[in-house]
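Just so it is clear, none of the values below were taken in a lab; they were calculated from the coordinates. The shown structure was predicted, so the numbers you read here are calculated from the model rather than taken from an experiment. Heads up, the Cβs are rebuilt from the backbone with ideal geometry, glycines too, and the neighbour counts pull from every protein chain shown.
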Amino acid sequence: MAANKKEVSRSRAFMSNTFWSLLLQVVTLAVGFVVPQVIIKVYGSETNGLVSSLTQFVSYISLVEAGISAAAVFALYDPISRGDAKGVSVVVSSAKRFYYKSGFLFTVAALALAVLYPLLIDLGGLSPSRVFVLVLSLCATGFLDFFTLAKYRVLLTADQKNWVIQIATIIYKILYAIVVVVVASLGVSVEIVYLAAIVPIVIRSVVLIVYTRRVFPEVDFCADSSGFNLPQRWDALYLQILGAIQNGAPIIIATFVTDSLSMVSVFSIYLLVANGVRNAVSSVTQGTQASFGDVIARGQSETLRAAFSEFQVVSYTATAVLCSVAFVLIMPFITLYTSGIDGVRYYYTSIGFLCIFEVLLYHLKTPQGLLVIAAGMYRETRVQTTIQAALLLLCSIVLGLQWGVPGILAGVCISDLYRTVDLIFFVPARITGTKPRHTIKLIGLCLLGCLITCAPFMAIGVSCRNWFEWLAWGVAVGVWGLVACFAMYALFARTEITGLVERVKRMLHRS
């Protein structure tokens, strides 16, 4: 009975986290569409390219976090599962200590970026002093995270309360978009726009700090942690480096390979769509890491195998459906989104296809990668992570010099493919004890579902005269994709579908 209650609790946490995560992705996508378009129309494509490039550089210097978040979340699973408030206090206090040290390094790196960037890149008419202010404005989020918010965020994540972070972030995103649109419409310089955008970041931090202290009054964030060091902190850094390279390297490489901030702006619009699709799929999966961590900490092997297999079906269905919608509608989106923007060509079919294909490859490995993190197997995957990062950088630079942006994307796809194959064999051997062929079968069904979903719409050719038509086509592709994928998994993964249905029934019954 207690096990069933715990399973229902994890299922509820998953549903709550998934709902708010999906809503966050919708808001993020909407804000991501609005803000760049405003910047392009008010300040030009070069300025938008500059902001996109700087944003990726800022994400890189955030790596001074050095794996603190991942290591702290993993270290919290055990004391939280035992209700050990003292143990939780020691972990979060230790994390705070490391965050403060990393925050100092982040500040130094941000100042260095603000000084050096104008010396290396053509600024498109902006003075070095204005870029200096712009860089510091874009670094405000990282600064507040290190010195105020991060220790609270890891506690909420480990306790499966991601939904709190997501609600606060939704509020922040909406306020951020309003500030950018309003301030930019006043005709002020672009760095003033991003200075004003710091205010919503402060509001988000205050909301999360107040909530966490009220919900966890027993946790002492200043507990003595002098004898405790976060386990696997440096090993976790490898996975974080990979994540930063995966997300930021394409834009950084394009900045130097294309030698054109306008082309960087073009690339950033395609990545806007790709990241929207990637995050939409991730919203279905990101709330489960703590649940799997809890199961692993309790040593529940059979529960882990059954739950992970069902989770793979959910993840691959979301991947097939959302990537299919993106394959069909990315170019009509580019046409509608860039209408009225003169002087720069934005329509590149090869870039559109490769952006979404990379997202598809990325999410084929997502379930396995999430389980590696939940199990804390950072050290065991250092070699594979290093190979993937090296492949991404080497292939993207070499192919990018040959074919430009499409070559950069091809390099990213090669690294994704390597990591997917590696994890297909690593996770069964080291974590779940299942057979690799089971995951291969589920991946094959995902790819087949994507092909079946896209084929009829690609055959007839989809064109959209307005956003209403674009949304209507998106609903049509999505519904057809859900039907096709559900039918396939019901036929060839009947055990997992039955388990998912039973899980939902138990959760509703408890409710």
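Computed values, structure above
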read-out: 15 Å beta-carbon shell around VAL26, net charge (K/R +1, D/E -1); value: +2
read-out: Debye equation applied to the C-alpha atoms of segment 395-442, log10 I(q)/I(0) at 0.13 Å⁻¹; value: -0.43
read-out: Mean separation of Cα contacts under 8 Å (6+ apart) over length of segment 235-511, as relative contact order %; value: 28 percent
read-out: Bins of 10 Å from zero: percent of alpha-carbon pairs in segment 41-200; value: 10, 33, 31, 18, 7, 1
read-out: Shape parameters for segment 328-457, alpha-carbon atoms, Rg then Dmax in Å; value: 17.7, 57
read-out: Cα gyration tensor category, rounded, prolate or oblate, for segment 399-511 with a/c compared to 1.5; value: oblate
read-out: Signed unit charges on C-beta, dipole axis of segment 1-231, positive-most listed residue PRO36, ASN162, ALA72; value: ASN162
read-out: Segment 1-231: relative contact order in percent, alpha carbon pairs under 8 Å with at least 6 residues between; value: 32 percent
read-out: Normalised contact order of the chain, rounded percent, pairs of Cα under 8 Å and 6 or more residues apart; value: 21 percent
read-out: log₁₀ of I(q)/I(0) at q = 0.07, 0.09, 0.10 Å⁻¹ - the chain, Debye sum with one point per alpha carbon; value: -0.38, -0.65, -0.82
read-out: Whole-number D in µm²/s for segment 355-401 (Stokes-Einstein; Kirkwood sum over Cα pairs; 25 °C, 0.890 mPa s); value: 201 µm²/s
read-out: Compactness of segment 235-511, expressed as Rg and Dmax over alpha-carbon positions, Å; value: 19.6, 60
read-out: Expected 222 nm ellipticity per residue - DSSP helices of 4 or more, -39500 (n - 2.57), all of the chain, to 500; value: -28000 deg cm²/dmol
